[in-house]
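Asks: Can you read through this structure? Questions will come right after.
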Amino acid sequence: MSDEAQTEIIPLAPPAAAAPPRERTALVANAPAFLCGRPLGEILRETAGLAPERIEEALAQQRGEQAGSRLGEILVRAHAVSEEHVLRALAIQLDLPYLDRIEPESVPGDLAAKIPIHFAKQARVLPLGTSGDAVRVAVADPLDTAAQDSVSMLLGAPVAPEVVPAAVVLDAINAVYDRAANEHEKLMEDLETGDLESVAHELEEPTDLLDADDEAPIIRLVNSLMFRAVKERASDIHINPEEKDISVRYRIDGVLREVIRPPKRYQASIASRIKIMGGLNIAEKRLPQDGRIRIKIAGKDVDIRLSTVPTANGERIVMRLLDKSNVVLDLGSLGFEKWQLDIMDGLVTRSHGIVLVTGPTGSGKTTTLYGALAKINAPDLNILTIEDPVEIPLRGVGQVQVNPKIELTFANGLRSFLRQDPDVIMVGEIRDLETAEIAIQASLTGHLVLSTVHTNDAAGAITRLVDMGVQPFLVASSLVGVLAQRLVRVLCPLCKKPYVPTAEERAQVGLSDDIWARAGNPTHLYRPEGCSGCQGTGYQGRTGIYELMLVDDDVRQLILKSVDSATIKRAAVQRGMLTLMQHGAYKVALGVTTAAEVLSVTAEDRH
């Protein structure tokens, strides 16, 4: 269920009862007494040093082309004063307190719970606490009395507005409602400690359907699983039914970690709830199903790809999470070195040719392609993509999702693209000869084609195309570059420990003298330690290691001779290409990751 479909209806209310008198704040008290109640321009002249002619100019605009706009808005748009200056002046004018920050921990949860988050964000209001019979409310627009009236009605008490910058209010709203969502984790703690009596009792107690609400235990459990997954940066949630219970695991930084084991009797309810959220058929338990869930957690848009598969012990559920607010579409932030970025820039700005990205599933190939498209995306380019599925919407890019049920395959979509006058085409994956041949023809007729292939290294992509049945001369004439990549975990900056490596350790990971010197001849490397910030793993986040091979004249000659991938790779290395292991070793020398991480993903590079 998407948050966009949930509309909060705020009924009209009579004007709020007058708040009780309060002491003047330090800001108002320090301001000249005559300013209270004076025109805004006069206050800004005294407090912000605004020139009288700028005020007159803004007033003239308010009477003319900007009729209907507030004086403060006109002055901010003209960069005459800042938003903070205007808010402070309004606070003085209206004799209201002004706050430049809010401590989310001090906001009572019971008050915040009475204000729907959608309304709070839209009106930019947040209750701060009580003051006598009134409730102190942070407002970003003290002149919006209608919003204050609605808050008064929702709280059932008169409000005492306090002026706060909009950004501060929104940050506090996210933090306060994020804290409220944390309360869902109480159920998780009960499950982890085995204290299930209250939960079991709540589940087994008959419930009047008319009284049922979103606080039902199973719904709270599923919400908690999703909230905690987002909080801990999990990329996947695995719910695996076993003989006597259910295993729930998160994949964090590429590693699966078990979080809870709910009792077996919750299995059907959990599966049904998740399938309802994903729009799947809850009655069908014998066939695999795929769906999509869109949720919003603490202001973050999260897209979830849902997959169910029937097993001997029940339906196995895997959810892949994509936090759209954390999507990185900058190649410079994905782990590329400066010299690699320069080469990538040359490849993705070409007018024609094929650029391939290779690596196993989950190695970040799609993110790299999105980063490349984001770099070149401009109104003067017609960019089309065909993907399975479309993961990240890109503004100005035509994105098509494959649908085998109606024969919309990579090949058919790519064939149709050529009639759409494209400049750049991205194909999610080249899986067969038909797709490969159309992609090559597109590149030879003046289009830049970006795609992926499942091979272990860069040179392997060339022989993979030939194995599909593509003629070597077509590969040689169309391919301009191949990027192989892997993801390695990044050492936690809070707890990583330095140590001096032995010569054997350096040799094992390929830390040659050349790479050691390129990294600045460090005196030590780092090993993981583990702390609360990284959940005891010693790692936090992931980065890429890359093998970037340019297809130059020498490599083309080898392709035409149909040599094996090892020969092509040796030739590329002789011309300066860093292998995956060598780039990984460079990251180790820089203190970014560990030798164990690099060795775990570059086994094919060991000699």
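Asks: Quick test of your reading of the structure: Ala439 fulfils all but one of (1) aliphatic (A, V, I, L, M); (2) modelled with pLDDT of 90 or more; (3) surrounded by fewer than 21 Cβ atoms within 10 Å (Cβ to Cβ). Name the failing condition by number.
Replies: All conditions are met except number (3).
Asks: Within segment 371-386, can you find the residues that are charged (D, E, K, R) and either modelled with pLDDT under 90 or part of a loop (DSSP other than H, G, I, E, B) (or both)?
Replies: Scanning segment 371-386 gives a single hit, Asp380.
Asks: Taking Ile383 and the conditions (1) over 30 Å from Arg251 (Cβ atoms); (2) surrounded by 15 or more Cβ atoms within 10 Å (Cβ to Cβ); (3) over 25 Å from the mean Cα position of the chain (by Cα), which numbered condition does it fall short on, given that it satisfies the others?
Replies: (3)
Asks: In segment 449-473, what residues are farther than 20 Å from Pro360 by Cβ and surrounded by fewer than 19 Cβ atoms within 10 Å (Cβ to Cβ)?
Replies: Val466, Gly469, Gln471, Pro472, Phe473
Asks: Right, something else. Identify, by number, the condition in (1) over 19 Å from the mean Cα position of the chain (by Cα); (2) under 29 Å from Asp342 (Cα atoms); (3) of a type in the set (Asp, Glu) that Glu391 doesn't meet.
Replies: Looking at each condition in turn, Glu391 falls short on (1).
Asks: Cβ contacts < 9 Å: first residue basic (Lys, Arg), restricted to segment 394-413; second residue surrounded by fewer than 18 Cβ atoms within 10 Å (Cβ to Cβ), any location; separation 6+ or different chain. Result?
Replies: That search, which allows pairs on different chains as well, returns Arg395/Asn377.
Asks: Can you give me the number of residues within segment 436-487 that are more than 17 Å from Val357 (Cβ to Cβ) and in a strand (DSSP E or B)?
Replies: Result for segment 436-487: 0.
Asks: Also: Of the residues in segment 232-255, how many are within 21 Å of Pro310 (Cβ to Cβ) and without any contact (Cβ under 8 Å) to a residue 24 or more places away in the chain?
Replies: Residues that pass the stated criteria total 5.
Asks: Go through segment 51-68 and count every residue that is at pLDDT 75 or above, within 43 Å of the chain's Cα centre (by Cα) and not in a helix (DSSP H, G or I).
Replies: 0
Asks: If you don't mind, there's one more thing I want to ask. Output the residues belonging to segment 389-399 that are more than 22 Å from Met344 (Cα to Cα) and surrounded by 18 or more Cβ atoms within 10 Å (Cβ to Cβ).
Replies: Glu391
Asks: Something else about it: Only one of these conditions is not met by Ala458: (1) farther than 21 Å from Leu578 by Cα; (2) within 32 Å of the chain's Cα centre (by Cα). Which number is it?
Replies: (1)
Asks: Among the numbered conditions (1) among the small types (Gly, Ala, Ser); (2) assigned to a loop (DSSP other than H, G, I, E, B); (3) under 30 Å from Gly156 (Cα atoms), tell me where Ala112 comes up short.
Replies: All conditions are met except number (2).
Asks: Next question, about the same structure. Tell me, which strands (runs of 3 or more DSSP E) lie completely within segment 295-370 with 3 or more residues that are of a type outside the set (Val, Ile, Thr), open to solvent by less than 30 Å² (accessible area, probe 1.4 Å) and at negative phi?
Replies: Qualifying strands (runs of 3 or more DSSP E): 314-323.
Asks: Follow-up. Inside segment 218-271, can you point out the residues that are part of a helix (DSSP H, G or I) and surrounded by fewer than 17 Cβ atoms within 10 Å (Cβ to Cβ)?
Replies: Lys231, Lys264, Arg265, Ala268
The values are calculated or read from the model by the stated rules, or taken from the named source; none is laboratory data. The model shown is predicted, which means the values in this text are computed figures rather than measured ones. Backbone-built Cβ (ideal geometry, glycine too); neighbour counts: all protein chains shown. Remember, those area values only see protein heavy atoms, side chains included, never the ligands or the DNA or RNA. Shrake-Rupley method; radii C 1.70, N 1.55, O 1.52, S 1.80 Å.
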